[in-house]
1. Applying the selection to region 307-317, what residues are open to solvent by 20 Å² or more (accessible area, probe 1.4 Å) and over 20 Å from SER291 (Cβ atoms)?
2. For SER331, are the conditions met, namely being open to solvent by less than 70 Å² (accessible area, probe 1.4 Å), in contact with a strand residue (DSSP E or B) (Cβ under 7 Å, 6 or more places away or on another chain) and farther than 24 Å from ALA463 by Cα?
3. With a cut-off of at least 3 residues that are farther than 14 Å from ALA366 by Cβ, name the strands (runs of 3 or more DSSP E) lying wholly within region 265-319.
4. Go through (1) open to solvent by less than 50 Å² (accessible area, probe 1.4 Å); (2) in contact (Cβ under 8 Å) with a residue 12 or more places away in the chain; (3) under 41 Å from the mean Cα position of the chain (by Cα) one by one and return the number of the condition ASP259 breaks.
5. Look through GLY363, GLY403 and report the one residue that is among the small types (Gly, Ala, Ser), under 17 Å from ASN455 (Cα atoms) and out of contact with any helix residue (DSSP H, G or I) (no Cβ under 8 Å at 6 or more places or on another chain).
6. It is to be established whether one or more residues within region 269-279 are in contact with a helix residue (DSSP H, G or I) (Cβ under 7 Å, 6 or more places away or on another chain) and surrounded by 15 or more Cβ atoms within 10 Å (Cβ to Cβ).
7. Go through LEU476, LEU382, LEU461, LEU471 for me and flag whichever is of a type in the set (A, V, I, L, M) and touching a Cys at 6+ places or on another chain (Cβ under 8 Å).
8. Do we find that LEU225 is under 37 Å from the mean Cα position of the chain (by Cα) and at pLDDT below 95 in this structure?
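The values are calculated or read from the model by the stated rules, or taken from the named source; none is laboratory data. Because the structure is a prediction, the values reported are computed rather than measured. As a convention, Cβ positions derive from the backbone with ideal geometry for all residues, glycine included, and neighbour counts pool all protein chains shown. These area figures cover heavy atoms from the full protein model, side chains too; ligands, DNA and RNA do not enter into them. Shrake-Rupley method; radii C 1.70, N 1.55, O 1.52, S 1.80 Å.
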Amino acid sequence: MSVPLLKIGVVLSTMAMITNWMSQTLPSLVGLNTTKLTAAQGGYPDRSIGVLPANPEESWQVYSSAQDSEGRCVCTVVAPQQTMCSRDARTKQLRQLLEKVQNMTQSIQVLDQRTQRDLQYVVKMEDQLRGLETKFRQVEENHKQNIAKQYKAIKAKMAELRPLIPVLEEYKADARLVQQFKEEVQNLTSSLNLLQQEMGAYDYDDLHSRVVSLEERLRACMQKLACGKLTGISDAITIKTSGSRFGSWMTDPLAPEGDTRVWYMDGYHNNRFVREYKSMADFMTSDNFTSHRLPHPWSGTGQVVYNGSIYFNKFQSNMIIKFDFKTSTISKSQRLDNAGYSNTYHYAWGGHSDIDLMVDEGGLWAVYATNQNAGNIVISKLHPLTLHIIQSWTTNHPRRSAGESFMICGTLYVTNGYSGGTKVYYAYHTNSSTYEYIDIVLQNKYSHISMLDYNPRDRALYAWNNGHQVLYNVTLFHVIRSEQL
């Protein structure tokens, strides 16, 4: 018997016992020794029993039913005519009996309500248990296959999460350090604001030394961080508006401390003059610069200044030239074998951008395309002194479909275009020779990007955007080098 049927049986048995007690006990209590049992209106199906007194006018009439039409127990007591003396002992007994019956009726009603509620709960639980039993059968039938899949998934997830443990520890320390820097910057800002309001109230040299000290500490903090994966790019920060629609500008990532010179090259061909600004402040606020004349015009906008020299692609050739600013001479030149040039495999915007030179934490790189690789991007690591190729990687990404590209920590990031809505959507990892598609928004503030390069010292992207020189801060997810674990 199921649980609900068992519960109903208990309720019915209880009701039957109460009915039997009432039919047998009540006559003796009220002195009705002569009784006649009849079936009410057809008898048994209604389960109704009448207790009829010899003299109905002088006695009580008690009717009981195991169930009514709604399945509830009903007890009914009909009082005798009021001609009897209320002080009679029999009347007192009947009143007490009536109170007992009324109390029993209320108790049974409460029991019925609880029973109905429990019954609904049991029925619901039966359905859930049946569903659970079905699921267990399915799991039992396929448990071997499921366990194997789940084990592999958990193992792979643990392999991904395990390196995060030291990273999180590093982040805790970095977070405290950054908070300290934030407080110092706030204090310094307050001092500068007060200085602006009350000229002479503070020592300018002291404030300047605090700024320089804070900047050095921030740079040291950034240098301690290992390489990371690009996860975000800030909105564009406009530094200056100058020049034509195409060009390039940069700083030297290997410049010594205190050297903040800015290099500026307007146009993408038929030009050989490079402007040198003493600092970023000079670049932003003045036109005071030194001009350097290169021995050959450059091609495209993929030039880079690295350790005091400029590396550029000679116009209408696949020749890479290293020009030393101190001596104003070519210190090295080398052909990039098989590399396309003269708008053979350019970026989507054109501009003789066949060969793009760039620098990251690992050194000097060249990004180009060859016939042998069907016009798809080739990445080559170059020796900065000899310009020889140290190692090359071939990708499956068409060079002409790329808007721009840049290197961060040995990974080449490629944009999906150069105008309108722009994003970084392709990444090739040279450390594993694998690629992936990503989705990182790059704000194209002035609608035409013709140069985009990463500076590992500043941890920022330099861009030439339709005659505007802009910067982007980048967010990197840092990991700990294996030798540090």
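1. ASN307, GLN316
2. yes
3. So the answer is 273-277, 290-293.
4. Single failed check for ASP259: (2).
5. Checking each option against the conditions leaves just GLY363.
6. Among the residues of region 269-279, at least one is in contact with a helix residue (DSSP H, G or I) (Cβ under 7 Å, 6 or more places away or on another chain) and surrounded by 15 or more Cβ atoms within 10 Å (Cβ to Cβ), which makes the answer yes.
7. From the options LEU476, LEU382, LEU461, LEU471, the qualifying one is LEU476.
8. Criteria met by LEU225.
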